[in-house]
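Report on the following structure.
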Amino acid sequence: MNPWLGIGGVLALLGILLGLVGLAQKRGLPPELSRKSVHVGMGLICASFPWIFSAPWPPLLLAILAVGLLLAMRFIPALSSRFGKILGGVERKSWGEIYFPIAVALTFWLANGNWLLFVVPILILTLADAVGALIGVRYGLSRYQTDEGQKSAEGSFAFFAVAFLTSHIPLLLFASIGRAESLLIALMLGLLVMLLEAISWRGLDNLIIPLGSFLILKLYLGMSVAELVLRFLVLVGLVLFVILGRRRTTLSDSAILAAALAGYVIWALAGWLWLAPPVILFAIYVLLPGFPAGERPIQSLRAVTRAMFGAFLWLFVQELSGQREFVFPFLVCIAAHTGNIIFARLRVMRPQLGFWKQLGWAWIGAFLPFVPFVFWIHPNALFLNAIVLAVAITLSIPIFAHGWTDQVITENKFRLWFTETAVAPLASLIALLPIIKSLP
């Protein structure tokens, strides 16, 4: 098809869709149902792109036009009063409709002509997200806490079921893989994107779900049954591990799921040696003195991002360089952050210990569980690397202790970010000294 004719046809269909939904809304269609009707309609239209366009520029142009129109509907009073309620009639703040066309264009470009890699993510975004939201609103009874309020286990399960079907059926019918591989990939894809949806906020799921689905498909389509089974078992094991300990943490339910997802990504990219330190950190976190019933503070997803910032920074350096030596600074960063967490909990729950005992117990709790890995990583440099680990922890905890106060947490956001996020990664830089000679 002529690309300009295709662009015109898509725009015409989108205009008709918005008009019909607007008319239905005037006749009593609820705001949430209006949003999801547009969501499903747009998604089904976009799913036809591989048979309409052969180059990535028409979807990119459509995305630019759609984003411009949606922003105009949001901020221009004349358009907002006429069409804005179709997409903005719910109480929560969301940029999902803006992310949607961006995600479609990016996924089309990344798929590079492979219609299966494009259509499956778009169908998951279109159908699973809508069904999960509507089931959660109508039948959700088992609630869990997220950064934006609550979601339901029923809605998440519905999301998983639809994501599984919308990936398994196309893979089974059209992909050149076996039935077992198709089943396992669909299970993994459904579970992973369900976790991504559970931790998303302000409509980011419209961006994360299709891009995440594309990457998962791209990575797993070439794997064997044994590899896929192992990945499924590891993911399920990590989810169960963090859920079992969630009541002993200060994390929200979505933050707990984010912790499991972070551990899985680390393992999938780098292996068991890289997974062990974050698992130990979480286990220590669970075993720390707990809060009395009803007084447990709840931390959001940002707490997980602060804790894992340095770890993912070293993982990124390792992936970029291809040098496995960066596992040592990764380990040191996790250990330093463990010491910071122990110190912070003791300051709150064991004030009678006093500063120096709190500092000492935090140092011991950060050093002893991780020092065995020094031998595993570099058995020929055990003494030197153990000293480096000890020095990094010794540097990290006092700096953290100096910045960690209630006043900082409530009044100085940058200082809070630096104290809880950057101190441990900066202390772990000292771990480059023993490995710098081995780097090319």
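You will find that of L29, L33, L60, L14, the residue that is buried (at least 16 other Cβ atoms within 10 Å of the Cβ) and modelled with pLDDT of 90 or more is L60 and no other. Note on the stretch 371-437: enclosed helices (runs of 4 or more DSSP H) holding 2 or more residues that are at pLDDT 85 or above and under 31 Å from the mean Cα position of the chain (by Cα) are 371-377, 382-403, 423-428. Among what's in the stretch 230-257 and is in contact with a strand residue (DSSP E or B) (Cβ under 8 Å, 6 or more places away or on another chain) and in a helix (DSSP H, G or I), pick the residue that is farthest from E319 (Cα to Cα). Only one residue fits best here, namely D253. Answer yes or no: is there a residue in the stretch 137-159 that is β-branched (V, I, T), free of Cβ contacts under 8 Å to residues at least 60 places away in the same chain and assigned to a helix (DSSP H, G or I). No; the residues of the stretch 137-159 include none that is β-branched (V, I, T), free of Cβ contacts under 8 Å to residues at least 60 places away in the same chain and assigned to a helix (DSSP H, G or I).
Of the residues making up the stretch 39-51, those that are modelled with pLDDT of 80 or more and either crowded, with 16+ Cβ neighbours inside 10 Å or among the polar types (S, T, N, Q) (or both) are V40, G41, M42, G43, I45, C46, A47, S48, F49, P50. If you go through the stretch 17-26 and keep only what is within 34 Å of the chain's Cα centre (by Cα) and either surrounded by fewer than 16 Cβ atoms within 10 Å (Cβ to Cβ) or of a type outside the set (G, A, S) (or both), you end up with L17, L18, V21, Q25. Being of a type outside the set (K, R), surrounded by 17 or more Cβ atoms within 10 Å (Cβ to Cβ) and part of a helix (DSSP H, G or I) is a description that applies to E325. Being among the hydrophobic types (A, V, I, L, M, F, W, C) and closer than 23 Å to Y99 by Cβ holds for only one residue in L230, L165, L192, L187, and it is L192. Among the residues of the stretch 346-370, the one identified as out of contact with any Phe, Trp or Tyr (no Cβ under 8 Å at 6 or more places or on another chain), assigned to a helix (DSSP H, G or I) and touching a residue at least 60 places away in the same chain (Cβ under 8 Å) is G365. If the condition is being in a loop (DSSP other than H, G, I, E, B) and either touching a residue at least 60 places away in the same chain (Cβ under 8 Å) or touching a His at 6+ places or on another chain (Cβ under 8 Å) (or both), then the stretch 195-228 contributes W201, R202, G203, L204. I'd like the residue in the stretch 258-312 that is touching a residue at least 24 places away in the same chain (Cβ under 8 Å) and part of a loop (DSSP other than H, G, I, E, B) and, out of all such residues, is surrounded by the fewest Cβ atoms within 10 Å (Cβ to Cβ). So the residue we want is P297. Within the stretch 164-209, track down each residue that is under 18 Å from the mean Cα position of the chain (by Cα) and within 14 Å of L117 (Cα to Cα). Hits for the stretch 164-209 are L189, I209.
Here the stretch 74-127 is the region considered, the condition is being under 17 Å from S34 (Cα atoms), touching a helix residue (DSSP H, G or I) at 6+ places or on another chain (Cβ under 7 Å) and among the polar types (S, T, N, Q), and the residue that is modelled with the highest pLDDT is T126.
The residue of the stretch 242-257 that is surrounded by the fewest Cβ atoms within 10 Å (Cβ to Cβ), among those that are among the hydrophobic types (A, V, I, L, M, F, W, C) and more than 20 Å from I342 (Cβ to Cβ), is L244. Of the candidates A180, A163, A175, the single residue that is crowded, with 22+ Cβ neighbours inside 10 Å and either touching a Cys at 6+ places or on another chain (Cβ under 9 Å) or within 21 Å of V225 (Cβ to Cβ) (or both) is A163. Checked against the criterion of being in a helix (DSSP H, G or I), touching a residue at least 12 places away in the same chain (Cβ under 8 Å), out of contact with any Leu (no Cβ under 7 Å at 6 or more places or on another chain) and not aromatic (F, W, Y), the candidates L191, L125 yield just one match: L125.
The values are calculated or read from the model by the stated rules, or taken from the named source; none is laboratory data. As the structure is a computational prediction, the values presented were derived from the model and not from experiment. Counting neighbours? That spans all protein chains shown, and the Cβs are built from the backbone with ideal geometry, glycine included.
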